[in-house]
Amino acid sequence: MPTEFNPRRLDVAALAEAQATLDGAEALHQFARLAHDCSPGPDTPAVTWQARGMRRALAGAGTLPALHLCVQASLPLTCQVCLGEVATPVQVDRHFVFVADEATAAHLDEDSEDADVLVLARDFDLHALIEDELLMALPLAPRHAQCPQAVPMSAQDEGFDAASARPNPFAALAALKRDVSSGNRGGQVH
Ligand SMILES: [Zn+2]
């Protein structure tokens, strides 16, 4: 029996058989896709998780390796009202059962209401599953219960006017690109 389980290459069946629990506390940057949706900031441990292995009966499929996954995170998202950072608690509490192949998984997943059905692997990426579940649990429009300061409407409008008075940066970029490409044409190697 393995004494150590690797969350990025997890032998799910062995974890389930041992009824072992795996847990972790990880910084946000360990989850690249999730970090992409968050404000950059001091990277304190933001994600704690626990995966409990077990065997679980599923109607029509017998007793299968299963995981109970709980994840807690406090993520620095962008408030959709004031565009400031809002520490947003996100929680995941889900059950997964594992079957031998995709066809069985697709068939059983339709019938299974309280657990997702995944394909069993000896090197299952639990870390990616944690990230997937967090991404799905993100609020669509994160916002402060009460924004720290009033939205500066007038200041924002002034800024907008000032920006429109400046030369359009895209026009400047287009001009730059024209220069570069005509330069390239001169020096092109055939
Ligand atoms: Zn806000």
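Mind checking which residues of segment 20-49 are part of a loop (DSSP other than H, G, I, E, B) and in contact with a Gly (Cβ under 7 Å, 6 or more places away or on another chain)?
We begin by selecting, within segment 20-49, every residue part of a loop (DSSP other than H, G, I, E, B); these are 20, 31, 37-44.
Within segment 20-49, Ala20 is the sole residue that qualifies.
For segment 83-92, does any single residue satisfy the condition of being farther than 17 Å from Glu133 by Cα, at pLDDT below 95 and either in a loop (DSSP other than H, G, I, E, B) or away from the ligand (no atom under 16 Å from the Cβ) (or both)? Please lay out each step first, then the result.
Step one: filter segment 83-92 for residues farther than 17 Å from Glu133 by Cα, giving 83-87.
If we keep only those that are at pLDDT below 95 too, we end up with 83-87.
Then keep just the ones that are either in a loop (DSSP other than H, G, I, E, B) or away from the ligand (no atom under 16 Å from the Cβ) (or both); that gives 83-84.
Yes, segment 83-92 contains at least one residue that is farther than 17 Å from Glu133 by Cα, at pLDDT below 95 and either in a loop (DSSP other than H, G, I, E, B) or away from the ligand (no atom under 16 Å from the Cβ) (or both).
Which condition number does Asp111 fail, the rest of (1) under 15 Å from the mean Cα position of the chain (by Cα); (2) in contact (Cβ under 8 Å) with a residue 40 or more places away in the chain; (3) surrounded by fewer than 18 Cβ atoms within 10 Å (Cβ to Cβ) being met?
So Asp111 meets the others, but not (1).
May I ask you to verify whether Gly53 is on the phi > 0 side of the Ramachandran plot and either small (Gly, Ala, Ser) or surrounded by 14 or more Cβ atoms within 10 Å (Cβ to Cβ) (or both)? Even if it seems obvious, please write down each step before you answer.
Details: on the phi > 0 side of the Ramachandran plot: no; either small (Gly, Ala, Ser) or surrounded by 14 or more Cβ atoms within 10 Å (Cβ to Cβ) (or both): yes.
No: the conditions fail for Gly53.
Any idea which of Cys82, Cys70 is out of contact with any strand residue (DSSP E or B) (no Cβ under 6 Å at 6 or more places or on another chain) and in the same structural domain as Gln19 (by TED's automatic domain parsing)?
Working: Cys70 fails: out of contact with any strand residue (DSSP E or B) (no Cβ under 6 Å at 6 or more places or on another chain).
Of the residues listed, the single one that is out of contact with any strand residue (DSSP E or B) (no Cβ under 6 Å at 6 or more places or on another chain) and in the same structural domain as Gln19 (by TED's automatic domain parsing) is Cys82.
Right, Val81: in contact (Cβ under 8 Å) with a residue 12 or more places away in the chain and buried (at least 18 other Cβ atoms within 10 Å of the Cβ) or not?
Numbers: in contact (Cβ under 8 Å) with a residue 12 or more places away in the chain: yes; buried (at least 18 other Cβ atoms within 10 Å of the Cβ): no.
Considered against the rule, which asks whether it is in contact (Cβ under 8 Å) with a residue 12 or more places away in the chain and buried (at least 18 other Cβ atoms within 10 Å of the Cβ), Val81 comes out as no.
The values are calculated or read from the model by the stated rules, or taken from the named source; none is laboratory data. Predicted model only: the values in this text are computed from it and were never measured. When we count neighbours, we look across all protein chains shown, and the Cβ atoms used for this are built from the backbone with ideal geometry, even at glycine.
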